[in-house]
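A short worksheet on the structure shown next.
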Amino acid sequence: MKLKVLTALDHAKTQLYHFQAIIIAGMGLFTDAYDLFTITPVLKLIGRIYYRSRKSGTTPPIIYTAVISVALIGMILGQLLFGFLGDRLGRRRVYGLALLLMIFSSVGSGFSVCRTRGCVLTSLCFFRFLLGVGIGGDYPLSATIMSEFANRRTRGSFIAAVFSMQGFGILVGSAVTMAAAAAFDRLDKKAKMNSPMDTPEGADVLWRVILMMGAVPAALTLYWRMAMPETARYTALVKQNVVRANHDIRRVLVDLDLPSIDEDSELGPPTQPLSEPYGFFSKQFLQIHGRNLFACAAAWFIIDIPYYGSTLFQSKIYEPWFKRPELYNAYREAYNVAKFQAIIAAASTIPGYWFTVFTIDRIGRRPIQLMGFILMAVFLFSLAGPYDAYWNDHIKNAWFLVLYAFTFFFSNFGPNTTTFIVPAELFPARFRCTCHGIAGAAGKVGAIIGSVGFLWASRSEKKDNFRRGWKPGIGMMHSLLILGGCCLLGAVITYFFIPETKLTSLEENEGSGSREEDELQMTRSVSTNHSIVLPLNDASPTV
């Protein structure tokens, strides 16, 4: 038996507020992608400014690794912490806090009064860690809030649309970097007078401006995020206050056929549940939800290894298309890196996201995830197999770029998006944020392995790598083969463990119809907040 307010939500017509919620929730993911991808051109600028003594003016590998890793470590902490708080305190109460943390740390990342190398890098890593905590916290909250507001016919599309804001974050971040670099290049007269390797003073301002601009889109939606009501599912199922849930949902979704509830007349004596609700660390949770939690965490862990590894592979592709960095100034180098990121985002990343948005509620989560893993493996193996024999000397070949772009297309029209969606649909309301946070944290462990591991493993044994601080690795071909193998493993886990959640209500998905879970939902009622559980009659409301 199910609450009428929840059935009304499942059958609700798509309304204006659904689209507003996509923008409000998606802006955190937008800021996420902006900050995580602009760090690449920023590190190019930092290398030119603070490592001028190095022949090529490049950031040392250990610094590059630290700046990337510290944000990912922060994301792991943020996903676990805010996932837990989202279930304990409510989605709304901590939602604005995650965005505030992103705004503060985005500004802090660039607003460093230091001018010495050690101080700048320490400050940057500190605020990047805080930024990671805020970004990580946004993942479980945004996915859960969107899933609990959506109807069951379009829920997958709505959550995918929230996640697709990452693509626009990459594109806007690239555009901001290109525009700012071009403006500084034109205004800084010294950049035209000195040799290319004599980095102008304005470059130290440029990278700060790029990072601080990441706070703007988040700040623009802060008010609306703070004004959002608590989700009706959390209020009704966790707080067990159906009257309040009914009232809150009427504020934002006006075209709903909700029953009229008079708190004074409808309340009766409280009914004690047949058994106490089980806890997260209980044997019951493991029996009912352990398999699904493992599946979600494992799939997310595996996809982030090739996804982040492929992201770092971009430098191998764009470098041959541009002149050597020694031949142009720091502004132009940052411009070129951002330009290539924009091309990849527009040509493959964003289309991949939106193919998922338009098809996921028709095809289903499981088939899209399975297809994406398999096709990513196909394209990675196509890059890896002939890499040493052919591609290494023909990277400027257009087919190489096409194959690389397809790996991104099918990651986003595939597991990179579905691993964000499925954990928000499988678990009970009182565990939903926590389980999504655990799955996402597992993904970011994979991201650290993919980014840091690939960064070092893909290096060859050439002498120039030793001079620039790199230790020998296993080479690009073997690294790409490993990434392709990870995708095949992800396909196996998807096939055997991931359930399908298409067109079902969140309550139907919980524990795959567990009898124990249904019993608890039918009987829970609390007298302290004067709430009431209303069973459905046989006729579903017409919406």
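The values are calculated or read from the model by the stated rules, or taken from the named source; none is laboratory data. Quick caveat, the model's predicted, so the values are computed rather than measured. Positions of Cβ are generated from backbone atoms using ideal geometry, with glycine treated the same way; all protein chains shown enter the neighbour counts. These accessible areas exclude ligands, DNA and RNA; they are computed on the full protein's heavy atoms, side chains included. Shrake-Rupley method; radii C 1.70, N 1.55, O 1.52, S 1.80 Å.
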How many nm is it between the label spots at Ile23 and Thr122, if each spot is 7 Å from the Cα in line with the beta carbon?
4.3
Sort the following peptides by mean Cβ neighbour count (other Cβ atoms within 10 Å, averaged over residues), highest first: 362-370, 426-434, 441-449.
426-434, 441-449, 362-370
Kindly sort Met146, Met212 by accessible area of their heavy atoms, largest first, with the probe set to 1.4 Å.
Met212, Met146
Quick one: length gained pulling Ile474 to Thr359 fully straight, 0.36 nm per residue minus the C-alpha distance?
37.5 nm
Principal semi-axes in Å for the range 1-71 [√(5λ), Cα gyration tensor, largest first]:
48, 13, 6
Taking a threshold of 25 Å on the Cα-Cα distance, which of the pairs Lys283/Lys502; Lys4/Lys502; Lys4/Lys239 fall above it?
Lys283/Lys502
What nm distance separates the two modelled labels at Leu77 and Arg324, each placed 7 Å from Cα along Cα→Cβ?
4.2
Distance between modelled label sites at Leu489 and Ile395, nm, 7 Å Cα→Cβ extension
2.7
Cβ crowding within 10 Å averaged over residues, with 42-49, 336-343, 502-509 ranked highest first:
42-49, 336-343, 502-509
Positive dipole terminus of the range 348-441, leading residue within Phe427, Phe381, Trp354 (C-beta point charges):
Phe427
